[in-house]
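See structure below.
Derivation of every value follows stated rules applied to the coordinates shown; laboratory data play no part. Model, not experiment: these values are computed from the prediction.
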Amino acid sequence: MAAFKVSENYITLPLSFVTGPMTAAHGAYVKVYLYGLAAAAQGLEADNKTVAETLHILVADVENAWKYWAEKGLVEIGGDGVTYVSPSDRERNSDAAPDRAPQVTPGEIAEALKLDPGMKDTISAIEQLMGKPLTRREITGVYNFMEWYGLDREVVVMLFEYCVSMDRKGFSYIEKTAQSWKENNINDVKSAEALIKKANAERKFQNQCKKLFGLDRAFTAAELKYVNSWKTDMGFSMAMISQAYERTVKNTGRLAIPYMNKILANWHQKGIKNPEKIQEMDKKAPQGTKIDDIELIEMRRRMNIKD
């Protein structure tokens with residue numbers, strides 16, 4: 001690892017800024033903040049257009065950057081310019097409202113496409129995935145995913161692939177997913193691939209369970225919590241899920257997921273991970289019972305399940 005050093009000509013930043021508001025800020029906003037701070041240290045002046053040209057960003061990004069840092073309490077905007085405020089002077093960082101993407105005009109989008117031709121390729125790739133041309137709102141959303149949420153182009157395309165694979169093409173759902181990725185730092189190809197791999201594995205397991213249960217509907221949120229825990233938390237195979245399902249139906253006459261979860265939780269607690277072990281433990285149980293019967297008697301009563 002290389003050592004970090006400074007020369008005589010440098011500016012200092014409070015550690016609370018680097019570890020706090022900077023980590024969640026749009027990249028362009030950080031550039032504007034640092035540029036302005038350096039200019040202030042040298043007694044220089046520059047209008048927003050000059051700042052934008054120097055940093056190779058939109059004038060709107062500069063304007064929105066000053067508004068953003070003002071909302072965070074780190075700068076004050078007045079008639080004579082921008083005044084920097086020490087983060088220690090304001091206790092607003094942790095209590096600030098959630099970040100929101102700024103309003104972007106069609107003209108600003110057109111300017112962005114000129115500055116970044118690669119964005120056109122991204123939009124074309126997304127249109128192929130969606131099977132239709134993107135609306136103005138959707139193009140603005142794609143712009144914000146990259147410029148505001150900080151997602152790489154490849155990650156934005158993966159985001160759409162992921163949503164389309166689940167047959168969720170509504171843009172409101174895609175926006176919520178993008179926001180979730182931003183909040184969970186899913187902002188590069190590696191992290192996106194890991195998330196998608198995990199989600200696909202969960203969906204495959206859920207579909208296998210639905211097929212086993214003969215369900216032609218989606219799981220409820222409460223049911224999904226149980227189902228996902230069987231594989232993620234307890235590490236059970238489909239063979240074990242099948243065993244628990246058979247016992248549930250035999251004992252209750254129907255699919256009762258909470259009852260089934262109790263069986264699996266008992267097996268997990270006892271370290272039973274394969275059908276052979278179930279048979280072995282059944283033989284050791286009291287005459288006429290099975291390993292899970294005693295623990296489930298009270299649950300059967302609560303669920304009004306009769307013998």
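Coupling constants for the stretch 145-153 follow from the phi torsions by the Karplus curve (6.51 cos²θ - 1.76 cosθ + 1.60, θ = phi - 60°), and in residue order they are 4, 7, 7, 9, 7, x, 7, 4, 3 Hz; glycine and proline get x.
Non-local amide H neighbours of Phe236 (under 5 Å, H modeled in plane, Pro and chain starts lacking H): which ones? HN-HN under 5 Å from Phe236: Lys231.
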